[in-house]
Amino acid sequence: MAANLDPKPGRWVLPLVVLAMIAFTYFFVSELPEASPDTTLAGATTTTALPGDTTPGDSEGDAGGANAEETRAYLDAVAAINDKLALGNTEIITVNTGFDADPKEIAYDDAEPRLDKVKTDTETLSDQLAALTAPAGLETNHETLKTTMAAAATAADQALTGLRSTDSGDARRQAVESYTAAATGFAAEVVKIREAAGDS
């Protein structure tokens, strides 16, 4: 009977099992697909801008700035027209009052060219207003300004016509009152426009 040279053969079982596990793990891991460079962790959020793209908000900011400049230019132009219309109103009242004074403070030869200038200046203001483009949201207010300015131009023409006529003066006086009402209405609408544009 042959002698057993290794009295504890079971002691080799554990190392063999461990070696087999290492070999299996190596083989399993080597067979896994490589991670893609585009792979992102769950919950990570990235934004890739394509060439020529702009960051959201940049174009809006530029547009907002452009709109603000256009609105400011419009408000300034309307304010300038309003100031000139107020001067025209002062002039037409001054001429009318002076012409009606007893004794007259303003003679016909002086009143006629002055009222003619008010008429011409008001028509010019009407043209300047019509040439303006109202910013978005102010279109209705702009139409009101145009209507009011047209009324002022008509009143100026009627005041001059009344002065040149043989009328007792009632037509001229009524026209001057209409001019004042139009100028007052124009100024009130300018205030509304500024409030609507957030410029109050």
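The values are calculated or read from the model by the stated rules, or taken from the named source; none is laboratory data. The structure presented is a predicted model; accordingly, all values stated were derived computationally and were not measured. Cβ: placed from backbone, ideal geometry, glycine included. Neighbour counts: every protein chain shown.
With the checklist (1) modelled with pLDDT under 95; (2) in a helix (DSSP H, G or I); (3) among the polar types (S, T, N, Q) in hand, flag the one item T55 doesn't pass. With respect to (1) modelled with pLDDT under 95; (2) in a helix (DSSP H, G or I); (3) among the polar types (S, T, N, Q), T55 is out only on (2).
Just checking, which of D116, D109, D121 is surrounded by fewer than 15 Cβ atoms within 10 Å (Cβ to Cβ) and farther than 24 Å from R72 by Cβ? Step by step, each of D116, D109, D121 is checked, and only D109 is surrounded by fewer than 15 Cβ atoms within 10 Å (Cβ to Cβ) and farther than 24 Å from R72 by Cβ. Residues in the range 138-173 that are within 39 Å of the chain's Cα centre (by Cα) and either polar (S, T, N, Q) or modelled with pLDDT under 95 (or both): T140, N141, T144, T147, T148, T154, Q158. Hey, does the range 155-175 have a residue that's touching a residue at least 40 places away in the same chain (Cβ under 8 Å), surrounded by 17 or more Cβ atoms within 10 Å (Cβ to Cβ) and of a type in the set (S, T, N, Q)? No. Here K119, K104, K84, K146 are screened, and the one residue that is in contact with a Ser or Thr (Cβ under 8 Å, 6 or more places away or on another chain) and among the basic types (K, R) is K146.
Among the residues of the range 129-140, those that are surrounded by fewer than 15 Cβ atoms within 10 Å (Cβ to Cβ) and assigned to a helix (DSSP H, G or I) comprise A130, A131, E139, T140. The listed residues are A79, A111, A107, A86, and the only one of them that is under 16 Å from R173 (Cβ atoms) and aliphatic (A, V, I, L, M) turns out to be A111. Restricting attention to the range 141-149, does a residue exist that is within 30 Å of N67 (Cβ to Cβ), touching a residue at least 12 places away in the same chain (Cβ under 8 Å) and not in a helix (DSSP H, G or I)? No, there is no match, as no residue in the range 141-149 is within 30 Å of N67 (Cβ to Cβ), touching a residue at least 12 places away in the same chain (Cβ under 8 Å) and not in a helix (DSSP H, G or I).
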